[in-house]
Amino acid sequence: MDDSLVPGAWVRHPDRPDWGLGQVQSAIRNRVTVNFEHAGKLLIDTATVSLTPVDPDREAP
């Protein structure tokens, strides 16, 4: 598991920019629950998807 994927971390799904910014809710091994702005709460398998960590303070409005 990526050490940056901890509860509270902000991420984006590389193949789904339309989901918007997501906040990690929980991370257990390669199973990460993320609450996305436009897609809601989803379980992501990080063995198949590499979530992109982001700094929400540096995101363009």
Inset, instruction - Just need a number here: residues in the stretch 1-40 that are free of Cβ contacts under 8 Å to residues at least 12 places away in the same chain and of a type in the set (A, V, I, L, M). - result: 1
Legend entry - Criterion (aliphatic (A, V, I, L, M), in contact with a Lys or Arg (Cβ under 7 Å, 6 or more places away or on another chain) and loosely packed, with under 15 Cβ neighbours inside 10 Å) met by exactly one of 21, 43: 43
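A short reminder: the numbers here are calculations on the coordinates, not readings from a lab. Predicted model, so just to flag it, every value in this text is computed and none were measured. Positions of Cβ are backbone-derived with ideal geometry, glycine not excepted, and every protein chain shown enters the neighbour counts.
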